[in-house]
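*Asks:* Here it is, the structure in full.
The values are calculated or read from the model by the stated rules, or taken from the named source; none is laboratory data. Nothing here was measured: the structure is a model prediction, and the numbers come from that model. All Cβ positions, even for glycine, are placed from backbone atoms using ideal geometry, and neighbour counts span all protein chains on display.
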Amino acid sequence: MTSTPPPSSLDPEIAARLKRSADGLVPAIAQQYDTGEVLMLGWMDDEALHRTLTTGRCTYWSRSRREYWVKGDTSGHVQHVKSVALDCDADTLLVQVDQVGAACHTGARTCFEADVLTVTGPGAPEPGPSGTPEPGPSAAPEPGPSAGPVSGPVTGRSGSGTAADGQ
Ligand SMILES: [Zn+2]
């Protein structure tokens, strides 16, 4: 074994189950515990996980600075740890936190709102479960502002009635 994790105070029972990357790290997804927002992704080694589990503050390993990084120590944007879970094959952590302020260093609430890519594949707009033939809102054209009878050809407004995508 060449990739022995560095000495850490992490519970050996947990350490034995962790599946780390070649550099000894596990990706940790931070999620706002009450709204379900996916906030950011960081990396933890055994000691960072130990500190996250025991200090109440989310602690990551900074791959660029090669040091532990307690989220919010410099920004004030603290993550109070609510729960930590391992995924089914023990190679990813889900940390539910109460995020103070912005999770992203850019000042955005989450790291995933500034660069949304376009999805063109089938099923992108409608999240409905496949197999159930729901009648759904058929492609009937909207009658526009629904006051009074519509007279003459309706121009413009070729909307397909898709819901606004909110935030
Ligand atoms: Zn970010």
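*Asks:* Does the range 110-126 contain at least one residue that is touching a helix residue (DSSP H, G or I) at 6+ places or on another chain (Cβ under 6 Å), part of a loop (DSSP other than H, G, I, E, B) and modelled with pLDDT of 95 or more? I'd like the intermediate steps shown before the answer.
*Replies:* Taking the range 110-126 as the starting set, the residues that turn out to be touching a helix residue (DSSP H, G or I) at 6+ places or on another chain (Cβ under 6 Å) are none.
Within the range 110-126 (the criterion being touching a helix residue (DSSP H, G or I) at 6+ places or on another chain (Cβ under 6 Å), part of a loop (DSSP other than H, G, I, E, B) and modelled with pLDDT of 95 or more), the answer is no, since none of the residues qualifies.
*Asks:* Taking the options ALA48, ALA16, name whichever one is surrounded by 14 or more Cβ atoms within 10 Å (Cβ to Cβ), outside any strand (DSSP E or B) and more than 16 Å from the ligand (Cβ to nearest atom). I'd like the intermediate steps shown before the answer.
*Replies:* Details: ALA16 fails: surrounded by 14 or more Cβ atoms within 10 Å (Cβ to Cβ).
Within the list ALA48, ALA16, the selection yields ALA48.
*Asks:* While we're looking at this one, here's another question. Restricting the first residue to the range 29-44 and requiring it to be touching a residue at least 12 places away in the same chain (Cβ under 8 Å) and of a type in the set (Asp, Glu), which pairs with a second residue that is part of a strand (DSSP E or B) and within 13 Å of the ligand (Cβ to nearest atom) meet a Cβ separation below 9 Å and a spacing of at least six or different chains?
*Replies:* Filtered contacts from the range 29-44: GLU37/GLN99.
*Asks:* How many residues does the range 94-107 contain that are within 13 Å of the chain's Cα centre (by Cα) and assigned to a loop (DSSP other than H, G, I, E, B)?
*Replies:* From the range 94-107, those within 13 Å of the chain's Cα centre (by Cα) are 94-97, 99, 103-104; that's our starting set.
Going one step further and asking which of them are assigned to a loop (DSSP other than H, G, I, E, B), we end up with 103-104.
Selection size over the range 94-107: 2.
*Asks:* So in the range 71-121, with the set limited to residues that are among the aliphatic types (A, V, I, L, M) and loosely packed, with under 13 Cβ neighbours inside 10 Å, which one is nearest to the ligand (Cβ to nearest atom)?
*Replies:* So in the range 71-121, the residues among the aliphatic types (A, V, I, L, M) come out as 78, 81, 84-86, 90, 93-95, 97, 100, 102-103, 108, 114, 116-117, 119.
Checking the rest, the ones that are also loosely packed, with under 13 Cβ neighbours inside 10 Å come to 85, 114, 116-117, 119.
Numbers: ALA85: 22, ALA114: 8, VAL116: 14, LEU117: 16, VAL119: 21 Å.
My answer is ALA114.
*Asks:* Checking ASP89 against (1) out of contact with any strand residue (DSSP E or B) (no Cβ under 6 Å at 6 or more places or on another chain); (2) free of Cβ contacts under 8 Å to residues at least 12 places away in the same chain, only one condition comes out false. Which one?
*Replies:* With respect to (1) out of contact with any strand residue (DSSP E or B) (no Cβ under 6 Å at 6 or more places or on another chain); (2) free of Cβ contacts under 8 Å to residues at least 12 places away in the same chain, ASP89 is out only on (2).
*Asks:* What about THR59, is it crowded, with 18+ Cβ neighbours inside 10 Å and without any contact (Cβ under 8 Å) to a residue 40 or more places away in the chain? First the steps, then the outcome.
*Replies:* On the way: crowded, with 18+ Cβ neighbours inside 10 Å: yes; without any contact (Cβ under 8 Å) to a residue 40 or more places away in the chain: yes.
Yes, satisfied.
*Asks:* Closer than 18 Å to VAL84 by Cα and in a loop (DSSP other than H, G, I, E, B): which single residue out of GLY42, GLY24, GLY36 fits that description?
*Replies:* Working: GLY42 fails: in a loop (DSSP other than H, G, I, E, B); GLY24 fails: closer than 18 Å to VAL84 by Cα.
Checking each option against the conditions leaves just GLY36.
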